[in-house]
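Here is the structure we will look at, set down as structure tokens.
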Amino acid sequence: MTDSLTDSLPDSSSFVIPRGFRFGAAIAGIKASGRPDFSLIVADAPASAAAVFTANRVTAAPLILDKENLRASGGKVRVVAINAGNANCAAGQAGLDAARTTCRASADVFACKPEEVFPSSTGVIGVPLPAEKLVAAMPALAARLGSESAHFAEVAHAILTTDTVEKTAFARLEIEDASGTTREVRIAALGKGSGMIYPQLAPHATMLVYVLTDAAIEPAVLQNYLNPAVELSFNRISVDGDTSTNDTVLLLASGASGVAVGPGNAAFAAALQDVCASLARQVVADGEGRTHLVELRINGAATDADALRVARAIAHSPLVKTAWAGNDPNWGRLAAAIGYSGAAIDPDRFDIAFGELPICRNGGRAPEYDEAAAHAYISRSEFSISIDLHAGSGSCVFWTTDLTHEYIRINAEYST
């Protein structure tokens, strides 16, 4: 392992790695910086897979091929091949050809079927992907894959683009196997995302998330665990309101623990939810140029969907986000966003609080409103805003950021 690969890697001493997977990263020459830019996650045997993808109708070539491959393989994946520095999007037939070339090369190296390969890309849109560089780097990378924490950390580092920190999350839980013996199941996740973050992931710079478990779970059951976990985590975040062309969340189950998990296992569902929520919050915390991480708590909405409408209206308002950037407690901008959100509201009934500080009551300024205290509170790097619409029992929690001069600088210079 060279110094260039280990430099700036996250501390892996506390990582809990699911069994049945190997990891590694290399410098393929995709990133102009010369930093690691090609990663592999390899299952020892075909792993059950579940995935959700961007709702953007302009979709990167790897995602198109991923959907085809998952259908063809019956939801099985042996190899995840990830490049950073090039999104392989808006490249026409050449983009699809590049993704297929990566799949064929992976299949040759790892003696699997091309449809058991899951390619992923992140980076600049509209630039042809030089797949030959990935192909050239693959044999040497394959020869040094490993299952230790340090190998996992390599992947977490190499997939980054404008991110400033690696994003990882872990869980372990005890589940009874078929014989009634309690055995350990592990979950680990890594991801990237800093800008162009408003995933709108469907079954209903880019966010890529890879979640791994050593439980034995059938693909259809795995998908039923992933969908609600994504809805309450990655679909509850926004940095800038832009939905990427490449957003992907992939969940793989190796079965290497020997513990079969069927439908409706509350403990597994809760652990998966916790891991996804942790990673989602880390993505927002690393938002491009952000100086504030804001948690929105919307309660008393007519429905959960209405609560989400209010949260998204606030999270996507340039006026609100720039006020936060300036530590300006201009709650009138929040009121305006609530009003145009499309949610069913009574303008004379909603309340707003900054943390525990009353700001607005019954649609107007709270009698005990203290502007100095409000300013001091939202000058913190992290704060929460609670809104009660008094219209029903709908609620949601949503995480977002402010909008700063640094965000503009990063994105004004992104491709140059």
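Descriptive notes on the structure:
- Lysines with Cα under 28 Å of residue 167, excluding same-chain neighbours fewer than 8 positions away: 31, 67, 76, 133, 192, 321
- For the chain, DSSP calls about 70 percent of its internal beta bridges antiparallel.
- Two-decimal Rg to Rh for region 105-184 - Kirkwood Rh, Cα set: 1.08
- Per residue, the convex hull spanned by the Cα atoms of the chain measures out at 139 cubic angstrom.
- Listed values for region 299-307 are Karplus-derived 3J(HN,Hα) couplings in whole Hz (6.51 cos²θ - 1.76 cosθ + 1.60, θ = phi - 60°), namely 10, x, 7, 4, 8, 4, 4, 5, 4, and x replaces Gly and Pro.
- Each of residue 370 and residue 297 was given a label point 7 Å from its Cα along the Cα-to-Cβ line. The distance between the two points is 1.9 nm.
- Cα gyration tensor shape for region 47-146, rounded if a/c is under 1.5, else prolate or oblate: oblate
- FRET efficiency, 1/(1 + (r/R0)^6) with R0 22 Å, evaluated for residue 64 and residue 111 via beta carbons: 0.30
- Amide H partners (placed H, <5 Å) of residue 127, local residues excluded: 87, 88, 89
- Converting phi to 3J(HN,Hα) with the Karplus coefficients 6.51, -1.76 and 1.60 and the offset θ = phi - 60°, region 43-57 yields 7, 5, 9, x, 9, 5, 10, 9, 8, 10, 10, 4, 8, 5, 6 Hz in sequence order, with x at every glycine or proline.
- Residue-span extension gain [residue 96 to residue 177] - 0.36 nm each, minus C-alpha spacing: 24.9 nm
- Working from label points 7 Å from Cα in the Cα-to-Cβ sense, the residue 227 to residue 405 distance is 4.7 nm.
- Region 293-412: radius of gyration and largest Cα-Cα distance (Dmax), Å: 13.7, 43
- Karplus 3J(HN,Hα) series, Hz, for region 66-71 with 6.51 cos²θ - 1.76 cosθ + 1.60 (x for Gly, Pro): 4, 5, 4, 5, 5, 5
- Full extension of the chain between residue 55 and residue 184 yields a length gain of 42.9 nm, computed as 0.36 nm times the residue separation minus the alpha carbon distance.
Values quoted throughout were computed directly from the atomic coordinates according to the rules given, and no laboratory measurement underlies them. The structure presented is a predicted model; accordingly, all values stated were derived computationally and were not measured. Cβ atoms come from the backbone with ideal geometry, glycine included; neighbour counts cover every protein chain shown.
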